[in-house]
1. What ranking do M198, M1 get, fewest neighbouring Cβ atoms within 10 angstrom at the top?
2. Explain nothing, just compute: Karplus ³J(HN,Hα) = 6.51 cos²θ - 1.76 cosθ + 1.60, θ = phi - 60°, for every residue of region 182-197 in order, whole Hz, x for Gly and Pro.
3. Going by how many other beta carbons lie within 10 Å of each one, how would you line up K23, K76, K184, K13, fewest first?
4. Quick one: of K146/K182; K76/K146; K23/K45; K13/K146, which pairs are farther than 21 Å apart, Cα to Cα?
5. Cut-off is 10 Å between beta-carbons; in what order do F105, F46, F194 appear when sorted fewest neighbours first?
6. What is the Cα centroid distance between region 61-91 and region 161-178, reported in whole angstrom?
7. Per the Debye formula with a single identical scatterer at each Cα and no solvent contribution, what log10 I(q)/I(0) holds for the chain at q = 0.15 Å⁻¹?
8. Would you grab the residues whose amide H sits under 5 Å from the one on D120? Only those 5+ places off in sequence or on another chain, please, with H modelled 1.01 Å from N.
Amino acid sequence: MIIVVEGPSGAGKTTWCRTHGGKNTLAESLPDPATVPPEPQAAAKFWVERNVARWQEVLDREARGGLVVVDTDPFKLHYLWSLWRTGQATELEWTLQRDAAGEAFAAGRYALADIFLVADVDADTLRMRRTADPTRTRRNFEVHVKLRDTTLAWYRAIDRLEPGRVVFGLPAAGLTPDLLAKGKRPRRSGPELFDELMNELVRA
């Protein structure tokens, strides 16, 4: 079973994972910004292949231990979609990454987690938490704050695919039996599931 913990920078994802995920946690992993190609098509391929590799790491952990708690979603297409919807990326950038991700998703190289725990913290609280924690750089913090509403819209669309597999808010009780009882998602990937998600996003 794969549980993803997602939300904006400063929302408490890492702290929650450390507290409740323990040895099952797979920490967030960020690339060196200098390694990202500047050309849009190459950048789209870079991000998809990098995140596909992270998804494979998740699957490997699941095969060894049965449960993985992932700090930030490996299926990170929501980030470019949110940038586009908020006017911070072009439609071309969105289309290129969507198509590259769609090919990987259709082939089963990229997929949805079984459960998503999505932090829902308002912008003022996020900024207050950032000020209170000078130990972390939080690159692109203000960009993430602007993406709060679109990120929530993305995960509402995922929830409509199979209601009950997205939880808004990080449960104070941690990984409860009710949460774990949801089990593995019947369909994690495939062309039909990807198309269904894209159709749901039209309503977002």
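1. Ranked by crowding around the Cβ, least crowded first: M198, M1.
2. Along region 182-197, the couplings run 5, x, 6, 5, x, 10, 9, 8, x, x, 5, 5, 4, 4, 4, 5 Hz.
3. Result, fewest neighbours first: K23, K184, K76, K13.
4. Exceeds cut-off: K146/K182; K23/K45.
5. Ranked by crowding around the Cβ, least crowded first: F46, F194, F105.
6. 17 Å
7. The calculated log intensity ratios at q = 0.15 Å⁻¹ are -0.97.
8. Amide H to amide H, under 5 Å and 5 or more residues apart or across chains, D120 pairs with G169, L170.
Only the coordinates and a few stated rules stand behind these numbers; no lab work does. This one's a predicted model, so the numbers in the text were calculated from it and none came from an experiment. Ideal geometry is used to build each Cβ from the backbone, glycine not excepted, and the neighbour counts take in all protein chains shown.
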